[in-house]
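Accompanying notes for the structure given below.
Please treat every number below as a calculation from the coordinates, not as lab data. The shown structure was predicted, so the numbers you read here are calculated from the model rather than taken from an experiment. Because the Cβ atoms are built from the backbone with ideal geometry, glycine has one as well, and the counts that use them run over all protein chains shown.
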Amino acid sequence: MLALIPLFPLVGFLINGCWYALFQAPRGCKKAGATVPGVIATLAIAASFVVALFGFIQLHAMGSEHRVIEQVLYNWITAGDLHVDMAFRLDPLNSLFTLVITGVGTLIHLYSIGYMGHDATPGKFFCYLNLFCFAMLMLVLGASMPILFLGWEGVGLCSYLLIGYWYTDIEKAKAGKKAFVVNRIGDFGFLLGMFLIFNTFHTLDFEALRTAVGTGGDLLAAHGADLGTVTAICLLLFIGCMGKSAQIPLYVWLPDAMAGPTPVSALIHAATMVTSGIYMVSRLNFLYSLSPTALHVVASVGAFTAFFAATIALVQKDIKKVLAYSTVSQLGYMFLACGVGAYTAGVFHVITHAFFKALLFLGAGSVIHGMHEEQDIMKMGGLKSKMPWTFITFAAGWLAICGIPPFAGFFSKDEILWQSFSSPNGSVVLWGLGALTAVMTAFYMTRLFSLTFLGKPRFDEKKLGSHHDNVVVHAPVHGHDHGHGHGHAHGDSHAKSGVHESPMTMVLPLQILAVASVIGGFMGMPHMSWLEQWLEPVIPVHEGAVALGGSMEWVLMGVSVAGAVIGVMVAFKFFAPSPEKSEASLQAALGVRNRWPVLNRMLDHKWYVDEIYEAVFVRPIQALSQGLWKQVDVAVIDRFVLGFGRVSAWTGQTIRVMQTGSIQVYALMLAIGVLATVGYLIYGLA
Amino acid sequence: MPQQIDTWVVLAFCSAIFMIGLAGVLIRRNILVILMSVELMLNAVNLTFVTFSKALHHMGGQMSVFFIITVAAAESAVGLGLVIAMFRTLRSVDTDEIQLLRE
């Protein structure tokens, strides 16, 4: 039954892919229509969701001690010691991930039908999207490291394909390439980690590995392993997580990944793929918990990433860039949780984050769709009345990410902050960074929300419409396409110019996700956490948190809520909600920024990280490649190879003089040869 | 009873004919003459076979001669056919002018 879960998207991928490749692509289809491929893809992933739900219910019915469903399809690799089965295993941890992937995935597929309605090649888009879901489900369901790695590479490939989906725009193609290359660096670490695991424990299966490690690592010595090896394994695998889950120093690809269509940003770069690093760390929690060093690195990187990305998000003007840096920051939170040993809190935040960040991205997509491909929040404002559903749902997401109780983000974020303070691996510094990040998160999200929906419009609606009409007239088939602008041919709902609310297929997912963002947090209420109980077979509950007592917890909870509220208030002061004051307050905000010109410039350029990487890594490598090309390849290797050719040609030219073409000369040669042979036979041998 | 000719005399005679044939093949330019020279060489060899057969009292040599005469007849037929075809296309039987494979 488990194999059905990834099978459905695979079938959807094959149907859409074959249909597109065989019938649409060769004819250069101009008006393909997103409905048919969209419905096929949505049904495929929805079917997976239903199966995943059955699996979840089945698990729930079992006793809490043996909640595992396993299915072995066939033997994949057998070589010496190495046995890898194509096997899937559903347990409490990945059942949650599966539900989130298929559930949120279904909503985003549904949303894409509306969003990609005017695209030239929706068949290709949905085929990639299904392929991504297949790979992601392989990643979470795989029973061993190689299958996880299969999915890990698969999602990387789909991410690349979808970021560069509008590849005729060179910037977008470059963004895809960057994501792929940066991820490869991480994957290298992951592979090394995997090799080291096999070398040490001679197995790659998760359950076998857990048994091999033993409770608390008491069997380590039997495998000739020590703490150093475990630390090395954990750190190498964490390099993979840095790439896939966008942590410092490999986070740079995620903001650029916003070049892809917005549903892709919601599905891949917010809800699912980027959380696979957290999945792996919590899957291997028995290893990570053994090594305080590795945990400390994970926590520090997470906390610092959370803080660092939040500072950049403060000043971004592109609506998707703000959300992208916010995603990096939230992923940092999740690793902070894992790093202090609170894997449950990390998984909890994965789930709530999937809800509210997918919601925010889809809301942003709806805004971009409604504003006719405008992404600059400085040119928005006052969309509250124009796009009521988007406004209400976005507001739910905004409150959730800010951490206002009782929205989903509050519970998970508060759990992380509390754990980072109270856990044996936590510290005040980690908590401080987390809390500061929470304040900044509230600030930049409120800024985004206010600039987009509140205040008064900072765009000329007539101009938007007329500009849009121009696009309709002049749109080349493969021209400059922003968002869904591939050869606009607008239907009835788009007939009127100006800002408009999105179609129903886009609003419905927003509404469902908004509900999830509001109530999603109750599954992990402190002290009566259903989630903690559910995950207990996979992630043992650790007792450190209780030691500090209840009152401290309430105090910290109060502090984090107060921080969020302060962030919101400050943002509202500068980016005022009321139309009358909005102009003046924007000026005030500008004035505040101008007071620190250096900091201002640093933030505007995202701390110059891209520039530094360009100078330190990209340029030297390019120079090295150029040098190798010109000095080694052309100068040495080419010369050597061409030399062979020249020598052969010269030899041939020289020897062909013998070939006169005259029969008599040949006959003479023959006679001489015969004489020589006979002479040798008669006299030479004797 | 007539006097028996010495074996070496016959063999020397055969060698002489063979060398004449070889010289003809190497020197003459007319392809018909070359073919005739080849026949000369073949017959020199035949004569050698017969001589050794007589001297050594072994019938193998005479058997070989029959084979060679048969094959030589076929070879001449093919050779002459080629010469005619060559003359029809190139209007010449001079080997200096038929060096088509050179370039």
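What is the extension gain from A:Val429 to A:Trp554, computed as 0.36 nm multiplied by their sequence separation minus the C-alpha to C-alpha distance, in nm to one decimal?
43.1 nm
For the stretch A:566-686, what D do you get in µm² per second when you plug the Kirkwood radius from alpha-carbon pairs into Stokes-Einstein at 4 °C and 1.567 mPa s?
54 µm²/s
To the nearest 500 deg cm²/dmol, what mean residue ellipticity at 222 nm is calculated for chain A from DSSP H runs of n ≥ 4 alone, each contributing -39,500 (n - 2.57), summed and divided by the residues?
Per the formula, -21500 deg cm²/dmol.
Give me the tail of P(r) for chain A as a percent: Cα-Cα pairs with distance above 32 Å.
In whole percent, the share of Cα-Cα pairs in chain A beyond 32 Å is 54.
For peptide A:657-668, what's the mean number of Cβ atoms from other chains within 10 Å of each residue's Cβ?
Mean number of neighbouring Cβ atoms from other chains: 4.
Quick one: check the C-alpha center-to-center distance for the stretch A:232-256 versus the stretch A:623-644, whole angstrom.
Using only Cα atoms, the two centres lie 35 Å from each other.
So, in nm, how far is label A:Ala21 from label B:Ala23 when the simple model puts each one 7 Å beyond its Cα toward the Cβ?
Here the answer is 7.9 nm between the modelled labels.
How big is the charge dipole of the protein assembly as shown about its Cα centre, in debye rounded to the nearest 20, if each Lys and Arg gets +1 on its Cβ and each Asp and Glu gets -1 on its Cβ?
For the protein assembly as shown, the charge dipole is close to 1880 debye.
Rounded to the nearest 20 debye, what is the charge dipole size of the stretch B:7-102 about its Cα centre when +1 sits on each Lys and Arg Cβ and -1 on each Asp and Glu Cβ?
Here the size comes out at about 40 debye.
Rank these for me by crowding, A:Glu501, A:Glu207, going from fewest to most other beta carbons within 10 Å.
A:Glu207, A:Glu501
At 0.36 nm per residue, and after removing the present C-alpha to C-alpha distance, how many nm does the segment from A:Val570 to A:Ala676 gain when stretched out fully?
Extra length available between A:Val570 and A:Ala676 comes to 27.4 nm.
Taking neighbour counts of Cβ atoms within 10 Å as a proxy for exposure, in what order, fewest first, do A:Lys456, A:Lys174 appear?
Listing A:Lys456, A:Lys174 from fewest to most nearby Cβ atoms yields A:Lys456, A:Lys174.
Compute the angle between helix A:122-141 and the longest alpha-carbon principal axis of chain A, please, reported from 0 to 90 degrees and rounded to the nearest 10.
Rounded to the nearest ten degrees, it is 80.
Roughly how many Å is it from the Cα centre of the stretch B:84-101 to that of the stretch A:398-443, as a whole number?
A separation of 101 Å, based on Cα centres.
Please compute the modelled spin-label separation between A:Ile69 and A:Thr215, points set 7 Å along Cα→Cβ, answer in nm with one decimal.
Result for the modelled spin labels: 2.9 nm.
Based on the Cα atoms of the stretch B:7-102, what semi-axes does the equivalent ellipsoid have, where each is the square root of 5 times one gyration tensor eigenvalue, given in whole Å with the largest first?
32, 16, 7
Based on the Cβ-Cβ distance of B:Phe87 and B:Ser64, what FRET efficiency does E = 1/(1 + (r/R0)^6) give at R0 = 35 Å, to the nearest 0.05?
Efficiency at R0 = 35 Å is approximately 0.55.
Relative to the longest principal Cα axis of chain A, at what angle does helix A:428-453 sit, 0 to 90 degrees, rounded to 10?
80 degrees
I need to check one value: relative contact order of chain A, counting alpha carbon pairs closer than 8 Å and at least 6 residues apart, in percent.
13 percent
What ranking do A:Cys18, A:Cys127 get, fewest neighbouring Cβ atoms within 10 angstrom at the top?
A:Cys18, A:Cys127
Under a plain spin-label model, where a point goes 7 Å from the Cα along Cα-to-Cβ, how far apart in nm are A:Arg184 and A:Arg619?
Those two pseudo-labels are separated by 2.2 nm.
Whole angstrom only: what separates the Cα centroid of the stretch B:1-50 from the Cα centroid of the stretch A:306-329?
Spelled out, the Cα-based centre of one part sits 105 Å from the other.
Under 17 Å from the Cα of A:Lys413, which aspartates and glutamates turn up, not counting those fewer than eight places away in the same chain?
Straight-distance partners of A:Lys413: A:Glu532, A:Glu553.
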